[in-house]
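Asker: Input: one structure, supplied below.
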Amino acid sequence: MPAKPRVAAEAGLDALTAELVRYYRAVGHGTVPAALLEAIGQRVGRALAERYTRDKPRMVEHLDVIKWTCKELWGEVFRKQVDSLRTNHRGTFVLKDNHFRWTRSISVDPGDLGAGAAATAATAAAAADHLHLPCAIIRGALQSLGVDCAVTADPSHLPAVDFTVVIAPPPTR
Amino acid sequence: METINSEILSLTYGSIVRQLITDLEDMDEVNKQLDVMGYNMGIRLIDEFLANARITKCGDFKETAENIAKVGFKMFLNTTATVVNWNADNTECGLVLEDNLLIDFVELPEACSKLSYCQLLCGVIRGALEMVNISAECSFSRDTLHGDDTNEIHLKFTSQKAEAYPYKDDD
């Protein structure tokens, strides 16, 4: 990593990703075509992982790659570190970010707000569209580092978001 | 203002442009969509700009262009542009952008020669100006990705609407 990285305003990236969701929602006539956002995100994740690990020794253990993701990838992309990491030691990891920055401005139409649980559901649904890109960035980075996996996000407890990484079982010989 | 490593922005923007090329195939369509996306961003980013920029209301279009070049580009892309080549009635000028982080790592293949890679920026400027009641046209006249020596955005003032208040003074 260079000593003094070039910077840009976070507001610019926020505006770009928000417009991306709006654009693809329109393309999909109201439903975001997740596969297209995933294609965009995975390319970004791959490129980031390649750049950040260029001069470092290859990480062999899946756990090391996950830890790198929680600290360094999260630091660069989401401006903080993952707050807690849990695993079932059988290939599933849950990365919890208590204040996920990319969904911090998700607002819900006041007309949709009910009381308690219904309001949370509406906000979670609005947030889900905005989580395709981050999940794909994470997945792209992990895949590029040798961790074949699926990444999903649970926004039902905003501002916290739980990202679940399920590592594909090794191919049977 | 909060900042991020510019790589994230450059890589995300590049990935979006690549996807649009795959989705739409036709470069004119891609340019058009980048402009629309930029416009939609500009109509929102203007609030961010006005909230954070320490500027007073512009007296004329020359001041407007200087604010875009010096304050706007600095705020969002951490660079400044130079305003050049004003026409006789001060309605058209060029914004020369030597350093553009959006094109870090970018090379255009032959097949994309009609692509205006940073067209989004033109849309942003157009949208932002619209929100302060200025209609303007905005396009790239020089582009380093096409082999030019620098990047230059051509800015053309077309009209200004009077500020309309949503209520009558005598109510």
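Asker: Would you work out the charge dipole size for the protein assembly as shown about its Cα centre, treating the Cβ of every Lys and Arg as +1 and the Cβ of every Asp and Glu as -1, and quote it to the nearest 20 debye? Working shown, then result.
Answerer: Details: 35 positive and 48 negative charges, 296 e Å.
My answer is approximately 1420 debye.
Asker: Counting only helical runs of four or more DSSP H residues, what would the 222 nm mean residue ellipticity of chain B come to if each run contributes -39,500 (n - 2.57) and the total is spread over all its residues? Don't jump to the answer; show the numbers that get you there.
Answerer: Numbers: 5 runs with 70 residues, N = 171.
Roughly -13000 deg cm²/dmol at 222 nm, from the helical runs in chain B.
Asker: Okay, next question. Over all directions, how big on average is the projection of the convex hull of the alpha-carbon atoms in region B:27-171, in square nanometres?
Answerer: Values: hull surface 40.4 nm².
Reported value for the Cα convex hull: 10.1 nm².
Asker: Let me ask you something else. Please give the average number of partner chain Cβ atoms lying within 10 Å of the Cβ of each residue in A:39-49, rounded to a whole number.
Answerer: 5
Asker: Could you work out Rg/(2.2 N^0.38 Å) for the protein assembly as shown, with Rg from alpha carbons only?
Answerer: Values: Rg = 21.9 Å, N = 344, 2.2 N^0.38 = 20.2 Å.
Taking N as the residue count of the protein assembly as shown, the ratio is 1.08.
Asker: I've got another one for you. With unit charges on the beta carbon (Lys/Arg positive, Asp/Glu negative), name the residue among B:LEU101, A:SER156, B:LEU45 whose Cα is farthest towards the positive pole of the charge dipole of the protein assembly as shown.
Answerer: Going by the charge dipole, the pick is A:SER156.
Asker: Further, regarding this structure: Compute, for region A:1-95, the length of the dipole vector about the Cα centre, with Cβ point charges of +1 (Lys, Arg) and -1 (Asp, Glu) only. Units Debye, rounded to 20. Each step should come with its number before you reach the end.
Answerer: Working: 16 positive and 11 negative charges, 32 e Å.
Computed about the Cα centre, the dipole is about 160 debye.
Asker: Over the residues of region B:1-42, compute the C-alpha Rg and express it relative to 2.2 N^0.38 Å. All intermediate terms of the calculation are to be shown ahead of the outcome.
Answerer: Values: Rg = 12.0 Å, N = 42, 2.2 N^0.38 = 9.1 Å.
In units of the 2.2 N^0.38 Å rule of thumb, it is 1.32.
Asker: Got a sec? How would B:LEU108, A:LEU131 order by Cβ neighbour count within 10 Å, fewest to most?
Answerer: On the way: B:LEU108 17, A:LEU131 25.
Sorted ascending by nearby Cβ count, the order is B:LEU108, A:LEU131.
Asker: Per residue, how big is the convex hull around the C-alpha atoms of region B:123-162? Give it to me in cubic angstrom, could you?
Answerer: Details: hull volume 2.1 nm³, N = 40.
Each residue corresponds to 52 Å³ of Cα convex hull volume.
Asker: Using only the Cα atoms of chain A, what are the Rg and Dmax in Å?
Answerer: Radius of gyration, then largest Cα-Cα span, for chain A: 16.7, 55 Å.
Asker: Between B:PRO166, A:LEU13, B:THR80, whose Cα lies farthest towards the positive end of the dipole of the protein assembly as shown when Lys and Arg beta carbons carry +1 and Asp and Glu beta carbons carry -1, centred on the Cα centre?
Answerer: A:LEU13
Asker: Please compute the average number of Cβ atoms from other chains found within 10 Å of each residue's Cβ in peptide B:67-78.
Answerer: What the average comes to for B:67-78 is 2.
Asker: Separation of region A:116-162 and region A:14-62 by C-alpha centroid, Å?
Answerer: Centre-to-centre distance over Cα atoms comes out at 12 Å.
Asker: Which order do peptides B:38-44, B:101-107 fall in by mean Cβ count within 10 Å, highest first? Show your work: numbers first, answer last.
Answerer: Details: B:38-44: 21.4, B:101-107: 15.4.
Listed from highest to lowest mean packing, they are B:38-44, B:101-107.
Asker: With angles folded into 0 to 90 degrees, how steeply does helix A:10-27 sit against the dominant principal axis of chain A? Use alpha carbons for both and round to 10.
Answerer: It works out to around 70 degrees.
Asker: Given a Förster distance of 45 angstrom, what is the FRET efficiency for B:ASP149 paired with A:HIS157, based on the Cβ-Cβ distance and rounded to 0.05?
Answerer: Details: r = 53 Å, r/R0 = 1.18.
E(calc), rounded to 0.05, equals 0.25.
Asker: Among B:CYS118, B:ASN151, B:SER135, pick out the residue whose Cα is farthest towards the positive end of the charge dipole of region B:117-160, where Lys and Arg carry +1 and Asp and Glu carry -1 on C-beta, about the Cα centre.
Answerer: B:SER135
Asker: List the residues whose amide H sits under 5 Å from the amide H of A:LYS80, counting only those 5 or more places along or on another chain, with H placed 1.01 Å from N in the peptide plane.
Answerer: A:GLY75
Asker: Follow-up. Are any of the pairs A:LYS80/B:LYS156; A:LYS71/B:LYS32; B:LYS32/B:LYS70; B:LYS32/B:LYS74; A:LYS80/B:LYS74; B:LYS114/B:LYS156 more than 31 Å apart by Cα-Cα distance, and if so, which? Spell out each step's value before the answer.
Answerer: Details: A:LYS80/B:LYS156 42 Å; A:LYS71/B:LYS32 39 Å; B:LYS32/B:LYS70 26 Å; B:LYS32/B:LYS74 25 Å; A:LYS80/B:LYS74 25 Å; B:LYS114/B:LYS156 22 Å.
Checking Cα-Cα distances, A:LYS80/B:LYS156; A:LYS71/B:LYS32 exceed 31 Å.
Asker: State to the nearest 20 debye the size of the charge dipole of region B:62-171 about its Cα centre, where the only charges are +1 on K and R beta carbons and -1 on D and E beta carbons.
Answerer: Values: 9 positive and 19 negative charges, 16 e Å.
It comes to approximately 80 debye.
Quick note: the coordinates plus some simple rules give every number you see, no bench work behind them. Keep in mind that what you see is a predicted model, and the values were worked out from it rather than measured. Note: ideal-geometry Cβ built from the backbone for every residue, glycine included; neighbour counts use all protein chains shown.
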